[in-house]
Amino acid sequence: MRSTFGIKQRPPGELPPPEDGEKVGVLRRRARQRLSACGLACVADEAVLIVSELVTNAIVHSGGREITVILSLRANFLRIHVHDGVPSSHVHPKAPSNAAEDGRGLVLVQSLAEEGRGTWGIDDAGATTWCELRLATS
């Protein structure tokens, strides 16, 4: 699955418009449908949550105008790749304070990757975030 969509460019600190936020739900539905069609419903819940977190992170924090989401199979892994085209120096997860209302997305992605015997990372100087989940072997 490959999906590319535009988002509104805005100044730092300004919240994204509702139509950009709605794109997260569209991508979640597309990912679930595609995984189910490929017989990968076993990882759909985790993958959809990761897609949601990585796309939301790109919309809220990148400052870019276009995001590409790719789901692909590599050996026994499902790879989720989100590219926003904007390098960032703030790419590693930090534990949020207990009172924080946000800031848990990459921590959650890291946790899901570890639980699924996978990994995650950053490429292109922070313009791409990816996660791999191990697929069950028969």
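The values are calculated or read from the model by the stated rules, or taken from the named source; none is laboratory data. Since the model is a prediction, treat every value here as computed from it, not as a measurement. Note that each Cβ is placed from the backbone with ideal geometry, even for glycine, and that neighbours are counted across all protein chains shown. Calculation scope for accessible area: heavy atoms of the full protein, side chains included, ligands and nucleic acids excluded. Shrake-Rupley method; radii C 1.70, N 1.55, O 1.52, S 1.80 Å.
Sequentially through the range 33-41, phi angles give Karplus couplings (6.51, -1.76, 1.60; θ = phi - 60°) of 4, 5, 5, 5, 5, 8, x, 10, 4 Hz, Gly and Pro residues having no value and appearing as x.
With both labels modelled 7 Å from their Cα along Cα-to-Cβ, the Ala75 to Ser36 distance reads 3.1 nm. Helical content of the chain, expressed as a calculated mean residue ellipticity at 222 nm, amounts to -12000 deg cm²/dmol (DSSP H runs of 4 or more residues, -39,500 (n - 2.57) each, divided by residue number, nearest 500).
Provide the net charge surrounding Arg117, with neighbours chosen by a C-beta distance below 12 Å and charges set as Lys +1, Arg +1, Asp -1, Glu -1. After counting each charged neighbour, the total is -3.
Beta carbons within 10 angstrom, averaged per residue: use that to sort the peptides 79-85, 50-56, highest first.
Top of the packing list down: 50-56, 79-85.
Accessible surface for the chain, divided over its residues, is 57 Å² per residue with a 1.4 Å probe. Can you figure out the FRET efficiency of Arg117 with Glu19, using R₀ = 41 Å and their beta-carbon distance, to the nearest 0.05? About 0.65, to the nearest 0.05. Near Glu66, the amide H atoms lying under 5 Å from its own belong to Ile7; only residues 5 or more places off or on other chains count, and H is placed 1.01 Å from N.
When averaged across all projection directions, what area in nm² does the alpha-carbon convex hull of the chain cover?
Hull-based average projected area comes out at 8.3 nm².
Counting 0.36 nm for each residue step from Val60 to Arg2 and taking away their Cα separation leaves a gain of 18.8 nm.
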